[in-house]
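Notes follow once the structure below has been shown.
The values are calculated or read from the model by the stated rules, or taken from the named source; none is laboratory data. None of these values were measured; they are calculated from a predicted model. Backbone-built Cβ (ideal geometry, glycine too); neighbour counts: all protein chains shown. Heads up: the accessible areas ignore ligands, DNA and RNA and are worked out on the full protein's heavy atoms, side chains in. Shrake-Rupley method; radii C 1.70, N 1.55, O 1.52, S 1.80 Å.
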Amino acid sequence: MLQQLLPHEKDLGGGFKVRRLLPAAQRQSVGPFVFFDHFGPVTEQPQNQHDVRPHPHIGLATVTYLFSGAIMHRDSLGYAQKIEPGAINWMTAGRGIVHSERKPAELADASYINHGIQLWAALPLAFEEAEPAFAHTPAHAIPQVRVGDALVRVLIGEAFGAQSPVVTYAPTLYLDISLPAKCELTLPPLAAELALYLVDAAVQVDDQPMAAQSLVLLTPGQPTRISAAGPVRLMAIGGAPLDGRRYIWWNFVSSRKERIAQAAKDWEAGDFAGVAGDSEFIPLPATRFTVP
């Protein structure tokens, strides 16, 4: 039997709720991915307060992908990038970065639908303390291929003869798959660890019914047959297994608990570089991280 992870709802503040699939009690990671949030579709109104104030990260890379809407990214390196549908935004935290995710100024008085996915990829041990960096890959630079009746966008990694231009620190796969109604797709074992997220509809995975908005952990080394009664959008994530255990607390990921404790102290002391022109920040959680 295939393992299926169901989401649990998280309120990020201001009524902005997400479906969180990773980390889960049954599984911490799939390939390098240790965090999976699906947000929306949610209608943003002028009165909404869904901005994410400046906050820190270490030891990971954030991967942001929108189906619709827009988010304004700003970070402590000085990057200001409007994230739009179809683009991949990869932010390497490494030894430490701070960023905010806010409503673009030109949409302040508009109503629009935000819908997308944010992932965290844990950095390999050799790169946990890498220099922070930000890379934006526009939608037009992402390759897409027709596989039978399915349309596959190769967001990260290599699949079906197409190679994404996104640079990663370890073998990583991320696909956006559109499958029409009453069609099938056979997904090869494209990565050592692989999972399938059902964005908007239920499907049959190897003849097993799987619910919409669930993450299905696929059988390693085996092809997977996917069929849908109606049109469906699917995300495939995976890659090489992590090179050791990771600890996750708040916005920090590390192979060492002591490093997370230090990052928390540094944020509380104001020792992280800030986002230019933005004096707001998210404080540490009330329940603090402790090292036994």
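Observations
- Which listed residue, of 82, 10, is assigned to a strand (DSSP E or B), in contact with a strand residue (DSSP E or B) (Cβ under 9 Å, 6 or more places away or on another chain) and under 28 Å from residue 193 (Cα atoms): 10
- Count of the stretch 278-292 residues which are in contact (Cβ under 8 Å) with a residue 40 or more places away in the chain, closer than 16 Å to residue 52 by Cβ, open to solvent by less than 100 Å² (accessible area, probe 1.4 Å) and not aliphatic (A, V, I, L, M): 2
- Remark: pairs (first residue in the stretch 190-218, at positive phi; second residue assigned to a strand (DSSP E or B); Cβ separation under 7 Å; 6+ apart in sequence or on different chains) = 206/224; 206/225; 213/19; 213/38; 213/198.
- Residue in the stretch 38-53 that is farther than 24 Å from residue 174 by Cα, charged (D, E, K, R) and touching a Lys or Arg at 6+ places or on another chain (Cβ under 6 Å) present: yes
- Within the stretch 54-82, tally of residues that are open to solvent by 10 Å² or more (accessible area, probe 1.4 Å) and either in contact with a Cys (Cβ under 6 Å, 6 or more places away or on another chain) or among the charged types (D, E, K, R) (or both): 2
- The number of residues in the stretch 210-266 being among the β-branched types (Val, Ile, Thr), surrounded by fewer than 21 Cβ atoms within 10 Å (Cβ to Cβ) and closer than 12 Å to residue 196 by Cβ comes to 2.
- Pairs meeting the criteria (first residue in the stretch 114-142 and at negative phi, second residue among the acidic types (Asp, Glu) and open to solvent by less than 50 Å² (accessible area, probe 1.4 Å), beta carbons under 7 Å, at least 6 apart or on different chains) are 114/44; 117/37; 118/37; 134/75.
- Among residues of the stretch 65-81 that are more than 20 Å from residue 139 (Cβ to Cβ), those with a beta-carbon under 6 Å from a residue that is among the aliphatic types (A, V, I, L, M) and assigned to a loop (DSSP other than H, G, I, E, B) at least six positions away or on a different chain give the pairs 74/275; 76/273; 76/275.
- Qualifying residue in the stretch 118-131 (condition: closer than 18 Å to residue 50 by Cα and either within 17 Å of the chain's Cα centre (by Cα) or surrounded by fewer than 20 Cβ atoms within 10 Å (Cβ to Cβ) (or both)): yes
- Test: residue 243 is part of a loop (DSSP other than H, G, I, E, B), under 29 Å from residue 152 (Cβ atoms) and acidic (Asp, Glu): yes
- Residue check, residue 169 hydroxyl-bearing (Ser, Thr, Tyr), open to solvent by 60 Å² or more (accessible area, probe 1.4 Å) and touching a residue at least 24 places away in the same chain (Cβ under 8 Å): yes
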